[in-house]
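This report concerns only the one structure given below.
The values are calculated or read from the model by the stated rules, or taken from the named source; none is laboratory data. The model shown is predicted, which means the values in this text are computed figures rather than measured ones. For neighbour counting, all protein chains shown are included, and Cβ atoms are generated from backbone atoms with ideal geometry for every residue, glycine included. We work out accessible area using only protein heavy atoms, side chains counted, and drop any ligands, DNA or RNA first. Shrake-Rupley method; radii C 1.70, N 1.55, O 1.52, S 1.80 Å.
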Amino acid sequence: MISLTGISRVFTVGDEQVYGLRDVDLEITTGEYVSIMGPSGSGKSTLLNMIGLLDKADSGRYLLEGEDMTGLDDSRQADLRRHKIGFIFQFFHLVPRMSAAENIELPMILAGLPSSERKKRVQGAIEAFGLTNRARHRPDELSGGQRQRVAIARATIMRPHILLADEPTGNLDRVSGKEVIDILEDLNRQQITLLMVTHDPELGRRAKRQIHMVDGRIESDVAQGPFREKEPKKNHEAN
Amino acid sequence: MLIRDICRLSFSALVDQRLRSFLTILGIAVGIASVVLLTSIGEGVQRFAVAEFTQFGTNLIGINPGKATTLGTSGAIINNVRPLSIADEEALRRIPGVINTVSVLQGNGPVEFAKRSRRTTILGVGPSAADVWQIKVVKGRFLPEDDSQAARSFVVLGSRVKKELFRDANPLGQIIRVAGERYRVVGVMESKGQMLGFDLDDAVYIPTVRAMSLFNQQSLMEIDILYRSGLQSKTIAEKVRKMLKSIHGAEDFTITTQEEMLQVLGSVLGVLTLAVGGLGGISLLVGGVGIITIMTIAVNERTPEIGLLRAIGADRGQILLLFIGEAVVLAGIGGMLGLLVGAGTAWILGELVPGLPTYTPWSYALYAELMAAGIGLLAGVLPARHAAGLNPVDAIRAE
Ligand SMILES: Nc1ncnc2c1ncn2[C@@H]1O[C@H](COP(=O)(O)OP(=O)(O)O)[C@@H](O)[C@H]1O
Ligand SMILES: [Mg+2]
């Protein structure tokens, strides 16, 4: 469903050209659980942003569910982000003046869903993510783990096919981190495609497919871990 | 996105930034209030002046001896000017469309009754003056329709003169001396107050011929013509001009229509109102620049929020819409507040300061509101456009 061919992204910093991605090829099928690892600055976030239609490649071809994403106009891009893609960030990115429930409701407001439907879904999400007595609280009254759960609820409220998580536990203690991972893996078991960037090798190994990036390139792409349903794609060297 | 949601989101953002919103609203409100207040004063003065001019009726044409190119004719006369006579007046009265005429001659002199005396304006007028000028007689009656060449020596008193000479006593039928001559009082006029500095109450009215001999004048100072309403003042003025020219053999008189006077007055005062309103407009603009600055800072601070909204599915148009929503709410509240304060202050001023008539012209208020809306939109849209144009990734990272 996600197909990248020869994707490059070049940033111009001053007079210099910095490569975010160099000639990346990647195929991801529906329902996969992929972890992306690699040193800082290796292009993990750039890759995720590219897939999430927050950023555009300078060259190469990107097909999402068979549709060509190169040269899409802004409103169609936004539409796809709204309906097919959920984003989770290291720093949560909740709107500080809105309550947990209001943050979760936000994507549905942008999508123009009727109020009754919104209320119903928010209520469901709040219960599902264990936020029942936190719904009226603002982000600054929530713990890190609770904030990330609100963010996950927000990312999934439009029932996307793809969940992109950029170091979702990077700002959490072990226990909350584990909770968040459990939630994400649970969602993945319900057929959502999960791409997760992480620094933590232990977490990375939980994914059935592990991608290792160095300097804007995919260094290794290995299938292993608890589920062994798929053949490894490229070279088998462990990280 | 539903309009109700846009409003709700905008409103919550504004409440969150109370101080900033308050300052913005204040800026717009002050600008609007000053525009409304200043134009209220300008318009009030204008209306007051027009009312002063028209209180003697609107379908009036005045004729003065002497030719002048501008309004203020001095009767100060060029040598070869023929006098305006009562015969002229009677000829003019026969012009179709003319309802009535009044001949006027004005002078000063002492008026005496018993031991009391007062120096006052003596107006020699025709018997229809009360009708044409729309001044009511409160006691007795106005000067009778005598033979205009040999009118009886009757006098009608202005309210002030009556008070000075007779206090509360009944003046009707009494004989008073006007500039030394004996006159019988037949009526008392209502109080009309001042008109452009001229006190009509401090005057007595005697027949024109009597005034001419009293002041030893050959010419009238003015003939006022009342014409049928619905007729064009120009048409009547033209007929008057033709007739007088044929009698006098030359155009040695000046015709002033009420309409012309009102036009000149109106345009002078209109410019005044405009200038004053412009001053208010400048303060609105200055406020607007401040608002743009504040909004730019606000939008910049919220760049990560904008990036986040983009990430969860907002397109550029929606980002713009949200910020326009905020600007509209700000401008709307500020505008209404300014309107209330401006119109309220104008009203209070008008009530408390007797010499300062005020009237709030709603067209100006509307312009001011439109201007506020424009400034609000500009102030919101300019920074929001920038924000909406940002790369979502850059926007999210801008922390
Ligand atoms: N907006 C940007 N402007 C300039 N350089 C950027 C930008 N975003 C990323 N880069 C550069 O691209 C490279 C990859 O960045 P990133 O994808 O954020 O790395 P990672 O997430 O793996 O730490 C880095 O060298 C980074 O400096
Ligand atoms: Mg990163």
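Quick notes on this structure:
- Accessible surface of the protein assembly as shown, 1.4 Å probe: 55 percent of it comes from carbon and sulfur atoms.
- By the helix-only formula, in which each DSSP H run with n ≥ 4 contributes -39500 (n - 2.57) and the sum is divided by residues, the protein assembly as shown has a 222 nm mean residue ellipticity of -15500 deg cm²/dmol.
- Amide H to amide H, with H built 1.01 Å from N, residue A:209 comes under 5 Å of A:33, A:35, A:224, counting only residues 5 or more places away or on other chains.
- Relative contact order of chain B, defined on C-alpha pairs under 8 angstrom at six or more residues apart (%): 30
- What you get for the range B:81-251, charging only the Cβ of Lys and Arg (+1) and of Asp and Glu (-1), is a dipole of about 260 debye around the Cα centre.
- Derived scalar couplings between HN and Hα for the range B:284-301 equal 5, 5, 4, x, x, 4, x, 5, 4, 4, 4, 5, 4, 4, 4, 5, 4, 4 Hz in order, rounded to whole Hz, by the Karplus curve 6.51 cos²θ - 1.76 cosθ + 1.60 (θ = phi - 60°), x for Gly and Pro.
- About the centre of its Cα atoms, chain B shows a dipole size close to 900 debye [charges on the beta carbon of Lys, Arg (+1) and Asp, Glu (-1) only; nearest 20 debye].
- Dipole axis of chain A (+1 Lys, Arg; -1 Asp, Glu on Cβ), positive-most option in A:157, A:220, A:85: A:157
- Residues whose placed amide H lies under 5 Å from that of residue B:99, excluding near-sequence neighbours: B:226, B:227, B:228
- Pairwise centroid distance, computed over Cα atoms, of the range B:362-386 with the range B:1-67, Å: 15
- For the range B:81-251, convex hull volume per residue from C-alpha positions, Å³: 121
- A 1.4 Å probe, protein heavy atoms only, puts the accessible area of residue B:145 near 140 Å².
- Compactness check for the protein assembly as shown: Cα Rg over 2.2 N^0.38 Å is 1.72.
- Listed residues A:204, A:116, B:389: farthest to the positive end of the dipole of the protein assembly as shown (Cβ charges): A:116
- Positive-end extreme of charge dipole, the range B:81-251 - chosen from B:125, B:174, B:158 (charges on Cβ): B:174
- C-alpha long axis of helix A:144-156 to longest principal axis of chain A, angle in °: 80
- Our analysis of chain B gives Rg over Rh at 1.26, with the two radii drawn from alpha carbon positions and Rh computed by the Kirkwood formula.
- Only Lys, Arg, Asp and Glu carry charge here, each on its Cβ (+1 for the first two, -1 for the last two); on that basis chain A has a dipole of about 880 debye about its Cα centre.
- Residue pairs, from the table B:67/B:239; A:44/A:208; A:56/A:84; B:67/B:192; B:136/B:242; A:119/A:178, whose Cα atoms sit over 25 Å apart: B:67/B:192; B:136/B:242; A:119/A:178
- Intensity falloff of chain A expressed as log10 I(q)/I(0), Debye formula with alpha-carbon point scatterers, at q = 0.09 Å⁻¹: -0.38
- Point-to-point label distance, residue B:48-residue B:148, nm (Cα→Cβ direction, 7 Å offset): 3.8
- Pair residue B:94, residue B:268: separation of 7 Å Cα→Cβ label points (nm): 3.8
- Folded to 0 to 90 degrees: helix B:233-248 orientation relative to chain B principal axis, Cα: 30
- FRET E, pair residue A:97, residue B:352, Förster distance 30 Å, beta-carbon r, rounded to 0.05: 0.10
- Gap separating the Cα centres of the range A:191-218 and the range A:38-59, nearest whole Å: 13
- C-alpha center-to-center spacing [the range B:187-229, the range B:287-333] in angstrom: 69
- Amide proton proximity set for residue B:84, modelled H, under 5 Å, gap of 5+: B:220
- When DSSP beta bridges are restricted to pairs lying wholly in chain A, around 55% turn out antiparallel.
- Averaged over the residues of peptide A:104-110, the number of Cβ atoms from other protein chains lying within 10 Å of each residue's Cβ is 6.
- Average other protein chain Cβ within 10 Å of Cβ, residues B:312-325: 5
- When both bridge partners sit in the range B:81-251, DSSP labels roughly 75% of those beta bridges antiparallel.
- Proximal charge balance of residue B:150 [Cβ under 15 Å; K/R count +1, D/E count -1]: -3
- Cα long-axis angle, helix B:362-389 against chain B (0 to 90 degrees, to the nearest 10): 20
- 3J(HN,Hα) from dihedral phi, the range B:218-232, Karplus parametrisation 6.51/-1.76/1.60, rounded to Hz, x for glycine, proline: 8, 10, 6, 7, 6, 10, 9, 10, 9, 10, 4, 5, x, 7, 7
- Net charge of Cβ neighbours under 13 Å - reference residue B:232; Lys, Arg +1; Asp, Glu -1: 0
- Computed from phi, the 3J(HN,Hα) profile of the range A:129-139 under the Karplus parametrisation 6.51, -1.76, 1.60 (θ = phi - 60°) reads 9, x, 10, 3, 9, 10, 4, 8, 8, 7, x Hz, with x in place of Gly and Pro.
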